[in-house]
Each structure stands twice: as C-alpha cells, then as structure tokens.
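Scroll down for the structure; my scribbles are underneath it.
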Amino acid sequence: MNDYVGHLRLGVNIDHVATVRNARGGGVPEPLRAARVAEAAGADGITAHLREDRRHISDADIDALSAELTVPLNLEMAATPEMQAIALRHKPHAVCIVPEKREERTTEGGLEVAQDENRLAHFIAPLRDAGCRVSIFIAADARQIEAAHRIGAAVVELHTGAYCDAHAEGRFADRDAELERLREMSTFAHSLGLEVHAGHGLTYETVKPVAAFPEVMELNIGHYLIGEAIFVGLDASIRRMRALMDEARA
Ligand code: PXP
C-alpha cells in the first residue's frame with residue numbers, strides 16, 4: 001500500500017525576509033525576490049503568513065506574490081472575516097488556517113478545531129468553493145484530526161514544534177515520543193483520506209525523520225532557512241534542506 005509515497009514537496013516560508021525588511025521600514029530585502037530564489041533552488045511552493053498585525057508579510061507582499069509566482073502560494077492566515085475576504089480576492093492555491101495570538105512570537109500551538117467545529121466549517125466552505133485547498137494547522141492529536149476531517153478540510157498540517165523544541169533542548173526521550181506521535185497521527189490522518197503536511201521549527205538536524213514518513217506530502221519550512229541564508233545564501237540553504245528531504249525519502 002505504498003501508492004502515496006510520492007515526491008515530498010518543500011514549501012519555503014518567506015515571512016522572515018519581511019521581518020528583516022520591516023526592521024528598517026524600507027523595501028529591502030524583498031520577499032518576492034526571496035520567493036524567486038526559492039523557486040530556482042527547488043521549492044515546490046511559497047508559504048506566507050499574513051498576520052493580523054502585519055508584523056512581517058504585508059498586503060502588498062501578498063498582491064505581489066499572487067501576481068508573480070510560478071509555483072503555488074500557500075497563504076497562512078487566522079480564521080477571521082478580514083483574512084477570509086483577502087483569500088477570496090486572491091484565491092491562492094492553498095490556504096492554511098492557523099491560530100493567532102497577538103502576544104505570541106510565532107504560531108505556538110495548533111488550531112483548536114474540535115471546540116470550534118461549526119464556525120470553522122462555515123469559515124472554510126467559501127474558500128473550498130473558490131477552489132482553494134484548505135489546510136488546518138493542528139497538533140498531532142486524533143481529536144483534532146477527526147474534527148479537521150469532519151469540517152471538510154482537504155489537508156492537515158501537523159505542528160512539529162514540540163518535536164523540534166525537545167531536540168534543541170536535549171530532551172531526547174521527549175523528542176522521540178513527539179516523533180512517534182507525529183508518525184502515528186500522520187498514518188491516522190492519511191487513513192481518513194486527508195493529505196498530510198508538517199512544519200514548524202524544522203532544521204537540518206530535525207527534518208529527516210519527519211521527511212521519512214511516507215504519508216507526509218509537504219513540509220513548510222521558514223525561519224531556519226532564512227537564518228542559514230545569512231551564512232551560506234538562500235539558494236544554498238534551500239538546496240541543502242531539499243537534499244536532506246530527498247535522502248530521507250530515498
Ligand atoms: N507551518 C505553519 C503552519 C506555520 O505557521 C509556520 C510558521 O509560520 C511554519 C510552517 C514554518 O515554521 P518555521 O518558520 O519555524 O520553519
């Protein structure tokens with residue numbers, strides 16, 4: 001039953017190119033330029049999170065990416081009426097619904113789908129009707145996966161943050177338990193007919209075990225790649241990640 005072992009897509013998240021730009025308030029470095037480098041380096045898609053407070057990606061960035069990209073755009077956004085209107089205007093290839101808290105530094109946990117099923121089902125319906133592939137960013141938790149399935153999402157993106165944090169902090173027993181949870185929940189989500197993606201906090205050291213899960217079809221990776229780009233350049237940092245993913249999959 002290996003029919004789903006296919007090409008593992010890499011979505012490069014360019015949010016933090018915008019973070020650096022916004023630190024000075026000018027126009028450089030340009031996220032669109034980073035997206036073009038990512039495309040050339042083998043990214044299968046570009047991911048950008050338009051936050052409510054616009055702390056990194058701006059509306060103009062989404063306009064430019066929508067108009068110029070030749071690979072699919074995955075728009076990450078909170079489930080708010082404002083974001084829904086923006087998504088319906090641009091109709092990106094994919095929309096990933098994420099939780100958002102103003103005070104957080106990054107997307108800290110997965111979306112609470114199970115307790116907000118009705119609202120989320122109504123929220124994603126017009127996006128699906130517009131042709132967007134709707135993905136829900138959730139913890140590797142059976143309850144949340146079942147709820148994502150019930151509301152009609154095509155994709156779940158499993159949050160790899162707890163696994164990556166445990167690795168970075170040297171808590172290896174926790175890391176291995178988190179990895180096992182991700183493995184089991186990838187299989188479970190796939191068995192329901194959901195496409196499985198994963199991401200958050202992935203690095204060269206943590207990517208391979210997740211990339212090796214046959215059910216995982218896409219990884220979305222940003223912060224580490226942009227950080228590495230300071231030392232080796234964006235093209236090289238993406239190519240190395242791509243190579244590690246391919247090695248894990250081989
Ligand atoms: N996937 C989702 C849903 C995210 O919200 C993020 C962070 O914006 C990522 C992947 C990428 O995480 P990182 O920047 O830590 O690689």
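The values are calculated or read from the model by the stated rules, or taken from the named source; none is laboratory data. What you see is a predicted model, and the numbers here were worked out from it, not measured in a lab. As a convention, Cβ positions derive from the backbone with ideal geometry for all residues, glycine included, and neighbour counts pool all protein chains shown. Accessible surface areas use protein heavy atoms only, side chains included; no ligands, DNA or RNA. Shrake-Rupley method; radii C 1.70, N 1.55, O 1.52, S 1.80 Å.
For the chain, the per residue solvent-accessible surface stands at 45 Å², with DNA, RNA and ligands left out and a 1.4 Å probe.
Its Cα centre serving as origin, segment 194-250 has a Cβ charge dipole (Lys and Arg +1, Asp and Glu -1) of approximately 140 debye.
For segment 109-227, the extents of the C-alpha atoms along the principal axes are 43, 29, 24 Å, listed from largest to smallest. The alpha carbon radius of gyration of segment 118-163, expressed as a multiple of 2.2 N^0.38 Å, is 1.17. How high is the relative contact order of segment 154-227, in percent, with contacts defined as C-alpha pairs under 8 Å that are six or more residues apart? Reported relative contact order: 36 percent.
In segment 115-187, a dipole from Cβ-located charges (positive for Lys and Arg, negative for Asp and Glu) runs towards its positive end, and of 126, 170, 156 it is 126 whose Cα lies farthest in that direction. Using Cα springs under 10 Å in a Gaussian network model of the chain, which residue among 169, 108, 180 shows the largest mean-square fluctuation? Maximum among the listed residues: 169. Summing Cβ point charges (Lys, Arg +1; Asp, Glu -1) relative to the Cα centre of the chain gives a dipole of roughly 480 debye.
At q = 0.17, 0.21, 0.28 Å⁻¹ the log10 of I(q)/I(0) for segment 8-77 amounts to -0.53, -0.80, -1.35, computed by Debye summation with a single uniform scatterer per C-alpha, solvent ignored. Provide the net charge surrounding residue 86, with neighbours chosen by a C-beta distance below 13 Å and charges set as Lys +1, Arg +1, Asp -1, Glu -1. Spelling it out: positives minus negatives among the neighbours equals -2. Over every Cα atom in the chain, the radius of gyration and the widest Cα-Cα span, Dmax, amount to 17.0, 52 Å. Ranking 225, 136, 113 by Cα position along the charge dipole of the chain, where only Lys, Arg, Asp and Glu carry charges on their C-beta atoms, puts 225 farthest toward the positive end. Taking amide hydrogens as placed 1.01 Å from N in the peptide plane, the amide H of residue 47 sits under 5 Å from those of 12, 13, 14, 74, each at least 5 positions away in sequence or on another chain. On the chain, 52 percent of the accessible area sits on carbon and sulfur atoms, based on a 1.4 Å probe.
Computed from label points 7 Å out along Cα-Cβ, the spacing between residue 249 and residue 171 is 3.1 nm.
When only DSSP loop residues count, what GluC sites (Glu not before Pro) in segment 201-231 have their Cβ near at most 16 other Cβ atoms within 10 Å? Could the numbers behind the result be given before it?
Working: sites: 205, 215, 218, 228; in loops: 205, 215.
Within segment 201-231, the qualifying GluC sites (Glu not before Pro) (loop, at most 16 other Cβ atoms within 10 Å) are 205.
For segment 23-101, build the charge dipole from Cβ charges (+1 Lys, Arg; -1 Asp, Glu) around the Cα centre, then report which of 34, 62, 84 sits farthest towards its positive end. The Cα lying farthest towards the positive end belongs to 34. Other residues within the sphere of radius under 12 Å centred on the Cβ of residue 19, judged by their own Cβ, net out at +4 (K and R +1, D and E -1). Describe numerically, in nm with one decimal, the distance between label points set 7 Å from Cα along Cα→Cβ at residue 85 and at residue 205. So the two model labels end up 4.5 nm from each other.
Regarding segment 181-250, what's the average projected area of the Cα-atom convex hull, expressed in nm²? Could the numbers behind the result be given before it?
On the way: hull surface 18.2 nm².
For segment 181-250, the mean projected area of the Cα convex hull comes to 4.6 nm².
Once you divide the Cα radius of gyration of segment 131-190 by 2.2 N^0.38 Å, the number left is 1.22.
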